[in-house]
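**Student:** I have a structure here, written as structure tokens, and I will follow up with some questions on it.
The values are calculated or read from the model by the stated rules, or taken from the named source; none is laboratory data. Fair warning: this is a prediction, and the values are worked out from it, not measured in the lab. Note: ideal-geometry Cβ built from the backbone for every residue, glycine included; neighbour counts use all protein chains shown. We work out accessible area using only protein heavy atoms, side chains counted, and drop any ligands, DNA or RNA first. Shrake-Rupley method; radii C 1.70, N 1.55, O 1.52, S 1.80 Å.
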Amino acid sequence: MKTTVPRGTFDLLPDDALLWAWVEEKIRSVFRAYGYGEIRTPIFEHTELFQRGIGETTDIVEKEMYTMLDKGGRSITLRPEGTAPVVRAFIEHKLFATSGTGACKLFYLGPMFRQERPQAGRFRQFHQFGVEILGEEGPMADAEVITLAVDLYKELGLCDLEVHLNSLGCPECRGKYRQALLEYLSADSSGLCKSCQRRLERNPLRVLDCKNPKCQELTKEIPSIQDYICPECHAHFSKVCRYLDEVGVEYQIDSRLVRGFDYYTKTVFEIINQDLGAQSAICGGGRYDGLVEECGGPPTSGVGFASGLERLLTTLEQKGNLPALSMAPQVYLVMLNEEYSTAGYGLAAALRRQGIQTIVSFKVKSLKSQMKTADKIGAAYTLIIGEEEWQNKKVTIRKMFDSTQCQVEWAQVPQVLGRELAEERRRF
Ligand code: HAM
């Protein structure tokens, strides 16, 4: 039986995996520099965590979750996002104020799962990296996570991304805005798409999120949430903007930005790469001051973001910002006779134990064929053990770049190669 990867998923092959590891390392080092500790939560959680956390009327919970019953009849769901699991772990392990800032600062990186219609930049298994600050209600925390995302992208050479910013206010301002939206949209709802007509009853804010051009046209003149937020939420938002101005983070206020989760309060934001097409958001986040309580913890503020690794890598590739990494080994060991393969295997092990990347063919082949392979895989040096070398207890070291070669005593090889490679590293 021949089978293929499920729709919306992909295999990461060795050359690409090198790039992923490179970018993951950059992400981890920037997060650590900002004082965030890594957290790894399970890939699946009890379904009610997402139902309560993300919201029953959101697209994710209504249509996109991979939910199944386990053998004990409990409903479990592959995590569609990282915020609710982090909040669950925060409550479960009582991680209050663990970062030395009076709050808890965590980061994560890993696969998420949503059963969406796959298209460019949208997968069913995708990877997010993100941060959450739990236990800080002040606007500096909002500014910190936005600045962190922008700094991280800058560190990767991405300076021309757009930051879209909005405030959804507290539940009280939201209630008033919800009412205003309902009145505005109910006046003529027949032109809205079927989903929006349903959303209108249950969660009218979601209508602003609809990508249907007709719904977008009908909501062009919709009341702005900025006119409904209370003085306290307004002051919070203004302070976030002032912090961002102070550190030179440019943003545009986008009063239609509502985001697809019910947990948001006050600040929401997205970071956009317009060149990505329909799926242009590489990062999304915001404040969620009621989520910890909703998940059974004590009243605790929260704010954070998550960014899609696939979309980030596509952006880096588009802009030519990916390094040229390859699986090319430093050394390819050529043995011309089965007789020396045990000793040759020992030499390869000695080199590998010294940290020198060494490849040995599992099968003995002709010199010509093995040299061709060494060339093809881009080895920097070839070690040749032929009859003459074997008799003289020596090894030929050939530098592939300029085809120069020398013979070295068998026991000296690790030392000589180690020196040569260190010299090369100094020069490049
Ligand atoms: P989100 O906007 O759903 O937010 O996802 C964040 C990012 O994940 C998106 O901007 C996008 O780059 C990437 N992403 C989402 N869905 C897909 C997909 N199907 N394929 C590829 N990439 C995707 C959240 O998940 C919130 N938990 C963010 C957050 C953290 N808010 C507060 N803290």
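**Student:** Can you tell which of 149, 112, 139 lies farthest toward the positive end of the dipole of region 86-160, using +1 and -1 charges on the Cβ of basic and acidic side chains (Lys, Arg; Asp, Glu)?
**Tutor:** Result: 112.
**Student:** Kindly report the accessible area of the chain per residue (heavy atoms of protein chains, probe 1.4 Å, no ligands, DNA or RNA), in Å².
**Tutor:** Accessible area per residue: 51 Å².
**Student:** What is the helix-to-structure angle for 139-155, meaning the angle in degrees between its Cα long axis and the longest Cα principal axis of the chain, kept from 0 to 90 and rounded to the nearest 10?
**Tutor:** On a 0 to 90 degree scale, this one is about 30.
**Student:** Over region 331-421, what is the mean sequence separation of C-alpha contacts under 8 Å (at least six apart), divided by residue count, expressed as relative contact order in percent?
**Tutor:** For region 331-421, the relative contact order is 29 percent.
**Student:** Determine ³J(HN,Hα), in whole Hz, for all residues of region 232-242 in sequence, where each value follows from phi through the Karplus function 6.51 cos²θ - 1.76 cosθ + 1.60 and θ = phi - 60°; x replaces Gly and Pro.
**Tutor:** Ordered by residue, 3J(HN,Hα) equals 5, 5, 5, 4, 4, 5, 4, 5, 4, 4, 5 Hz.
**Student:** What dipole magnitude, in Debye to the nearest 20, does the chain give about its Cα centre under +1 on Lys/Arg Cβ and -1 on Asp/Glu Cβ?
**Tutor:** About 1180 debye.
**Student:** Net charge around residue 142, counting only other residues with Cβ within less than 13 Å of its Cβ (Lys, Arg = +1; Asp, Glu = -1)?
**Tutor:** Here the count lands on -1.
**Student:** If you don't mind, another one. May I ask you to work out the translational diffusion coefficient for the chain at 37 °C, viscosity 0.692 mPa s, via Stokes-Einstein with Rh from the Kirkwood sum over Cα pairs, reported in whole µm²/s?
**Tutor:** 130
**Student:** Can you give the net charge of the other residues whose Cβ lies under 15 Å from the Cβ of residue 35, counting K and R as +1 and D and E as -1?
**Tutor:** In short, -2.
**Student:** Charges on Cβ only, +1 for Lys and Arg, -1 for Asp and Glu, centred on the Cα centroid of region 55-103; of 100, 86, 55, which one is farthest towards the dipole's positive end?
**Tutor:** 100
**Student:** Add +1 for every Lys or Arg and -1 for every Asp or Glu among the other residues with Cβ under 13 Å from the Cβ of residue 417, and state the total.
**Tutor:** Taking every Cβ under 13 Å from that of residue 417, the sum is +2.
**Student:** Here is a further query. In debye, nearest 20: dipole of region 331-421 around its Cα centre with unit charges on the Cβ of K, R (+) and D, E (-)?
**Tutor:** Computed about the Cα centre, the dipole is about 300 debye.
**Student:** Quick check for me: using +1 on Lys/Arg Cβ and -1 on Asp/Glu Cβ, what's the dipole size of region 1-122 about its Cα centre, in debye to the nearest 20?
**Tutor:** That gives a dipole near 160 debye.
**Student:** May I ask you to evaluate 6.51 cos²θ - 1.76 cosθ + 1.60, the Karplus curve with θ = phi - 60°, for each residue of region 5-22 and list the ³J(HN,Hα) values in order in whole Hz, giving x for glycine and proline?
**Tutor:** Here the 3J(HN,Hα) series is 5, x, 3, x, 10, 8, 8, 9, 8, x, 5, 5, 4, 5, 5, 4, 4, 4 Hz.
**Student:** At 25 °C and 0.890 mPa s, grab the translational diffusion coefficient of region 93-135 from Stokes-Einstein with a Kirkwood Rh over Cα pairs, rounded to a whole number in µm² per second.
**Tutor:** It diffuses with D of about 197 µm²/s by this estimate.
**Student:** Please report the spacing between the Cα centers of region 57-133 and region 151-206 in Å, no decimals.
**Tutor:** 22
**Student:** Here is a further query. Would you please put 305-316, 355-366 in order of how densely packed they are, using the mean number of other Cβ atoms within 10 angstrom per residue and starting with the highest?
**Tutor:** 305-316, 355-366
**Student:** Can you bin region 331-421 into rounded, prolate or oblate? Criterion: square roots of the alpha carbon gyration tensor eigenvalues sorted a ≥ b ≥ c, rounded for a/c under 1.5, prolate for a/b above b/c, oblate for the rest.
**Tutor:** rounded
**Student:** Taking the chain as the reference, fit the longest principal axis to its C-alpha atoms, fit the long axis of helix 309-318 to the helix C-alpha atoms, and give the angle between the two in degrees, 0 to 90, nearest 10.
**Tutor:** Long axis of 309-318 versus the principal axis of the chain: about 70 degrees.
**Student:** Radius of gyration and Dmax for region 106-175's Cα atoms, expressed in Å?
**Tutor:** Cα only, region 106-175: 15.5, 41 Å (Rg, Dmax).
**Student:** Restricting to Cα pairs below 8 Å that are 6+ residues apart, what does the relative contact order work out to for region 56-190? Please round to a whole percent.
**Tutor:** So the answer I get is 17 percent.
**Student:** Please report the spacing between the Cα centers of region 239-302 and region 403-425 in Å, no decimals.
**Tutor:** Distance between centres, Cα-based: 55 Å.
**Student:** Please compute the contact order of the chain in relative form: average sequence separation of alpha-carbon pairs under 8 Å and at least six residues apart, divided by the residue count, as a percent.
**Tutor:** Relative contact order, the chain: 15 percent.
**Student:** Could you let me know the centre-to-centre spacing of region 1-32 and region 341-401, using Cα atoms, in angstrom?
**Tutor:** Cα centroid to Cα centroid, the span is 31 Å.
**Student:** Given R₀ = 35 Å, FRET efficiency for residue 96-residue 10 by Cβ-Cβ distance, to 0.05?
**Tutor:** Result of the calculation: an efficiency of 0.35.
**Student:** Set Lys and Arg Cβ to +1 and Asp and Glu Cβ to -1, take the dipole of the chain about its Cα centre, and tell me which of 236, 175, 369 lies farthest positive.
**Tutor:** 369
**Student:** Evaluate E = 1/(1 + (r/R0)^6) for residue 250 and residue 21, where r is the Cβ-Cβ distance and R0 equals 30 Å; express this FRET efficiency to the nearest 0.05.
**Tutor:** That pair, residue 250 with residue 21, gives E of 0.45.
**Student:** May I pose another question? If amide H atoms are built 1.01 Å from N in the plane of the peptide, which residues on other chains or at least 5 residues away come under 5 Å of the amide H of residue 193?
**Tutor:** HN-HN under 5 Å from residue 193: 215.
**Student:** How far apart, in nm, are the 7 Å Cα→Cβ label points at residue 159 and residue 376?
**Tutor:** Spacing of the two 7 Å Cα→Cβ label points: 4.3 nm.
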